[in-house]
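Participant: There's a structure below that I have some questions on.
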Amino acid sequence: MSVISVLDIINIEIKTALSSLENYNYLPHRLELIDSTNNINWYNDSKSTNCASTKAALECINKKIILILGGSKKEMYYESLSPLINEKVKLVIFIGENKEYIKSQLKVNIQMINANSIESAVELSKLHSSDNDNILLSLQSSESFWKLVLSKSRASFHDRIMDTLVRFKLVDRASSLAGELSHGLQQWLEIAMAVIRKPKLLLLDEPTGGMSSEERRATGELLLPIKKECTLIIVEHDLEWIKDICDNLTVLDQGKVLDDGTIKHIEASQSVKEVYTSRV
């Protein structure tokens, strides 16, 4: 009633007031709705430079929040955010030079991960998001950057990355640093980084070196489909492993071609047998 009374006093029709509210544009960087795609809302609240403004943003958004939190070094009472984060946030992604300090202050029982850049924070948000999630950026960033990361071309590239990670059995380690992966997974990551560029020719030098027998078998399975996409040249010492992958073998001895041909031909080659037998 009081709102309608005020409108009457200042001579504004209720229809005009409602239309203005419906067409209201968010203030830049202040809980600004940047994008709503695939039932996921992206909010830019990069003006949240203190805990009070971050709390206000969290209070305004429904549950299922992925919170990107961080920034430059400031010693604030971040623990005050804990109750709201526990209530509404499903994941916190930390970024910036203050991320470890903020993480140590929070008393929460939800998943928390670190990102090395704003780009990786956005990719991690996409990876962990689902229908009706709200992704809230609560650190300094620019509107132009958000237009970039949420562009169709960026989304397409993200899909390619995720498809490649799934293909190489790395999707569950998408948020890990390369140095944190096992030797075998690092090898797969290197191959994946090459494959995503869609090469016409891929040269692999002992791709299974240092791997366990199970990892070697799995690597063979990963490489087989690549043959349909590009030409593979593999340098390898294990004839038993390579024969299940290649169509043609060239056997070298002391830097010279010993024999060349199909798997069947090489297995029957007397010169190859003599060299291999002499080294047993």
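Participant: Sticking with the crude label model, points 7 Å out along Cα→Cβ, report the distance from residue 159 to residue 101 in nm, one decimal please.
Facilitator: Modelled inter-label distance: 4.2 nm.
Participant: Eight or more residues apart or on different chains, and alpha-carbon atoms under 18 Å: count the Lys pairs in the stretch 166-246 matching that.
Facilitator: For the stretch 166-246, the number of qualifying lysine pairs is 6.
Participant: Let me ask something else. Out of the stretch 173-280, which trypsin sites (Lys or Arg not before Pro) are coil in DSSP terms and have no more than 10 other C-beta atoms within 10 Å?
Facilitator: Passing sites in the stretch 173-280 are 197, 200, 279.
Participant: Can you compute the modelled spin-label distance between residue 76 and residue 237, with each label point 7 Å from Cα toward Cβ, in nm?
Facilitator: If labels sit at residue 76 and residue 237, their model points lie 5.8 nm apart.
Participant: Tell me, in nm to one decimal, what length is gained between residue 275 and residue 262 on full extension, where the rule is 0.36 nm per residue of separation less the Cα-Cα distance?
Facilitator: Between residue 275 and residue 262, full extension yields an extra 2.9 nm.
Participant: Amide H neighbours of residue 258 under 5 Å, at least 5 residues apart or on other chains, H built in the peptide plane: list them.
Facilitator: Excluding prolines and chain starts, which carry no amide H, the hits are 251, 252, 253.
Participant: Could you name the aspartates and glutamates in cross-link range of residue 64, using Cα to Cα under 12 Å and dropping any fewer than eight places away on the same chain?
Facilitator: 87, 131, 133
Participant: I'd like the FRET efficiency for residue 109 and residue 217, computed as 1/(1 + (r/R0)^6) with the beta carbon distance as r and R0 of 41 Å, rounded to 0.05.
Facilitator: Efficiency at R0 = 41 Å is approximately 0.55.
Participant: Still on this model: Let me have the relative contact order for the stretch 166-246, percent, based on Cα pairs under 8 Å that are six or more residues apart.
Facilitator: RCO, the stretch 166-246: 31 percent.
Participant: If you take the square roots of the eigenvalues of the alpha-carbon gyration tensor of the stretch 166-246 and sort them as a ≥ b ≥ c, do you get rounded (a/c under 1.5), prolate (a/b over b/c) or oblate?
Facilitator: Here the stretch 166-246 falls in the oblate category.
Participant: Same structure, new question: I'd like the chymotrypsin sites (Phe, Trp or Tyr not before Pro) in the stretch 45-133 restricted to DSSP loop residues with at most 11 other Cβ atoms within 10 Å, sorted by number.
Facilitator: Sparse-neighbourhood loop chymotrypsin sites (Phe, Trp or Tyr not before Pro): 77.
Participant: Just want the ordering: 37, 208, from fewest to most Cβ atoms lying within 10 Å of their own Cβ.
Facilitator: The fewest-first ordering by Cβ neighbours comes to 37, 208.
Participant: Can you work out the FRET efficiency for the pair residue 174 and residue 130, with r the C-beta to C-beta distance and R0 = 22 Å, to the nearest 0.05?
Facilitator: Efficiency computed from Cβ-Cβ geometry: 0.90.
Rule-based calculations on the coordinates, nothing more; no lab input. For clarity, every value in this text was computed on a predicted model and none was experimentally measured. Methodologically, a virtual Cβ is constructed for each residue, glycine included, from the backbone with ideal geometry; neighbour enumeration extends over all protein chains shown.
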